[in-house]
Amino acid sequence: MFITELRRFLRSAGVIPNKKLGQSFLVNSYIASRIAEEVSTSGSVLEIGPGLGALTEKLIGRCGSLSAVEISPEMVDVLRKRFSDEVLSVTRGDILSVNPETLPGFPFHTVAGNLPYSISSPILFRMLEEGFDQVQKAVLMLQREVAIRLSTLDGGKQYGKLALKIWPYYTVRTLLDADPEDFYPTPAVYSRVVVLERRTRPMVSRELFCKFRRIVSISFSSRRKTILNNLTPVLGRDQSLEILARTEIDPGLRAEQIKPEMFVRLAENL
């Protein structure tokens, strides 16, 4: 859908893009097609925030079943009218609170979407919940800076809690980049589509994951401090030194200098 056509469509539908909901609609058909090709599956697909249906249009016919969750009542009406003759289930709801088991098509094999950038991290963390444990792949449009942080695992300023909390269950790769001009209204940021693929065997067991997430959050609570100084207010200095010694981690290191596998060992010793 070209921008002129999109503007006309929005006017006819009485829809004004809502900045608070992060409504920047994808207008680059090539990008939508590439995402749909990556999503293509005989299984059930969940689309998050379909908006006017630029991606939805490409997904229909490429998957066993397609279910969409959209928070805007205006967009829900648009989608139901536009795809009234297609096999598509549209649910009005907030992806951060909706119970996936209540959605048509559950359990889902694949998740796709152009995520609202203000809540992209919480949505990513939902992929770790038990209700999404059948998801084998997620193809998601993110703000480019968030995508970089999500895929950085080799230390440095971009390495942190986001990548580490996703790492135990998913690998991350880049599919393609998108410019502001690929959306309407034009956002002030650049975007990137990433592909999360579930690991055959998780790096952290479900039983240990809670401790792993906690130790990662504590360790990165202040990036400029050493890991010892971050652990001390929570565990006490003596216990922190003891755990770091058992894990063979230098207490003078900052969290961004510690490999993912060492955080697993920390959690095991916590």
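The values are calculated or read from the model by the stated rules, or taken from the named source; none is laboratory data. Computed from a predicted model, the values in this text were never measured in an experiment. Cβ atoms come from the backbone with ideal geometry, glycine included; neighbour counts cover every protein chain shown.
One line per residue, one yes/no per condition, for (1) over 24 Å from D177 (Cα atoms); (2) of a type outside the set (A, V, I, L, M, F, W, C); (3) out of contact with any strand residue (DSSP E or B) (no Cβ under 7 Å at 6 or more places or on another chain):
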{"residue": "V78", "(1), (2), (3)": "yes, no, yes"}
{"residue": "R82", "(1), (2), (3)": "yes, yes, yes"}
{"residue": "L96", "(1), (2), (3)": "yes, no, yes"}
{"residue": "G105", "(1), (2), (3)": "yes, yes, no"}
{"residue": "Q134", "(1), (2), (3)": "yes, yes, yes"}
{"residue": "R149", "(1), (2), (3)": "no, yes, yes"}
Out of (1) assigned to a strand (DSSP E or B); (2) crowded, with 18+ Cβ neighbours inside 10 Å; (3) modelled with pLDDT under 95, the one G51 does not meet is (1)
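Quick check on T56: is it assigned to a strand (DSSP E or B), modelled with pLDDT of 95 or more and among the polar types (S, T, N, Q)? Working first, answer last.
Details: assigned to a strand (DSSP E or B): no; modelled with pLDDT of 95 or more: yes; among the polar types (S, T, N, Q): yes.
Criteria not met by T56.
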Within the range 147-162, of all residues that are touching a residue at least 40 places away in the same chain (Cβ under 8 Å) and in a helix (DSSP H, G or I), the one farthest from S24 (Cα to Cα) is K161
Contact list, first residue from the range 249-270 and without any contact (Cβ under 8 Å) to a residue 40 or more places away in the chain, second anywhere and part of a loop (DSSP other than H, G, I, E, B), beta-carbon distance below 6 Å, six or more apart or interchain, is M262/I249
Inside the range 216-260, the number of residues satisfying the requirement of being more than 29 Å from the chain's Cα centre (by Cα) and aromatic (F, W, Y) is 0
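Would you mention how many residues in the range 190-206 are more than 18 Å from T152 (Cβ to Cβ) and not basic (K, R)? Lay out the reasoning, then the answer.
If we filter the range 190-206 for residues that are more than 18 Å from T152 (Cβ to Cβ), which is where we start, we get 198, 200-202, 204-206.
Going one step further and asking which of them are not basic (K, R), we end up with 200, 202, 204-205.
Final tally of qualifying residues: 4.
Evaluate the following for G43: is it at pLDDT 95 or above and either assigned to a loop (DSSP other than H, G, I, E, B) or closer than 28 Å to T200 by Cβ (or both)?
Numbers: at pLDDT 95 or above: yes; either assigned to a loop (DSSP other than H, G, I, E, B) or closer than 28 Å to T200 by Cβ (or both): yes.
For G43, the condition - at pLDDT 95 or above and either assigned to a loop (DSSP other than H, G, I, E, B) or closer than 28 Å to T200 by Cβ (or both) - is met.
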Counting only residues that are surrounded by 21 or more Cβ atoms within 10 Å (Cβ to Cβ) and either within 21 Å of G51 (Cα to Cα) or of a type in the set (V, I, T) (or both), the range 148-171 contains a total of 1
F125: passes all of (1) touching a strand residue (DSSP E or B) at 6+ places or on another chain (Cβ under 9 Å); (2) under 23 Å from R201 (Cα atoms) but (1)
Reported set for the range 150-159 where residues are over 15 Å from I123 (Cα atoms) and under 15 Å from the mean Cα position of the chain (by Cα) is S151, T152
